[in-house]
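The values are calculated or read from the model by the stated rules, or taken from the named source; none is laboratory data. Quick caveat, the model's predicted, so the values are computed rather than measured. Positions of Cβ are generated from backbone atoms using ideal geometry, with glycine treated the same way; all protein chains shown enter the neighbour counts.
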Amino acid sequence: MTEYHPITTSTRCFDCKKLLKSKTAKRCGSCSQKGLLNHRFGKHTHHNRVTRKKIAIAHIGSKNPAWKGNKVGYHALHSWIRYRLKKPTLCQNCELFPPYDLANISGLYKRDLKDWEWLCRDCHMVKDGRKEKYSFKKGIFYGSKYLTKNYEHI
């Protein structure tokens with residue numbers, strides 16, 4: 001009685017030369033897990049503090065690839081100014097209340113620190129002209145476009 005032996009056309013691992021079960025694989029599981037297929041295996045991808053500091057200094061301001069210059073948006077410009085312009089303890093206009101708003105002086109929204117000031121909410125609304133437009137009197141909002149009656153008697 002003869003035994004049947006199927007003809008195996010299996011391949012060998014490219015690195016360790018073990019016999020592979022799959023006909024299409026090039027490496028065994030242990031060699032591919034070691035990272036022989038992965039070109040980044042064993043590489044040190046983390047920089048130390050000194051190198052990170054050098055990279056950060058090299059990308060400051062206009063050297064940063066995401067720098068937009070004068071085409072910056074409203075909120076990004078405010079956060080850029082807020083980071084660089086020191087916030088005083090009192091409003092720069094009335095010097096009575098703590099400042100909450102970063103106000104643009106010229107209205108051109110430039111990256112010039114001299115063109116910005118820290119104001120309290122009241123001074124900011126007065127300078128922008130919003131105080132007269134939206135005034136409150138005994139709980140009635142006069143700036144609303146929905147009020148049609150004259151409330152001067154209140």
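Below, the figures for the structure above:
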{"quantity": "When residues of the range 77-97 are limited to those that are surrounded by fewer than 11 Cβ atoms within 10 Å (Cβ to Cβ) and more than 20 Å from MET125 (Cα to Cα), the one nearest to the chain's Cα centre (by Cα)", "calculated": "TYR83"}
{"quantity": "Selection from the range 97-117 of residues that are touching a residue at least 24 places away in the same chain (Cβ under 8 Å) and out of contact with any Cys (no Cβ under 7 Å at 6 or more places or on another chain)", "calculated": "LEU102, ALA103, TYR109, LYS110, ARG111, LEU113, TRP116, GLU117"}
{"quantity": "Test: residue in the range 30-49 that is of a type in the set (A, V, I, L, M), at pLDDT 80 or above and farther than 30 Å from ASP115 by Cα", "calculated": "no"}
{"quantity": "Scope the range 63-78; condition of a type in the set (S, T, N, Q) and farther than 24 Å from GLY107 by Cβ; matching residues", "calculated": "ASN64"}
{"quantity": "Considering residues of the range 104-134 that are aliphatic (A, V, I, L, M) and surrounded by fewer than 16 Cβ atoms within 10 Å (Cβ to Cβ) only, the residue nearest to VAL72 (Cα to Cα)", "calculated": "LEU108"}
{"quantity": "Identity of the residue in the range 70-108, part of a helix (DSSP H, G or I) and charged (D, E, K, R), that ends up nearest to ASP128 (Cα to Cα)", "calculated": "ARG82"}
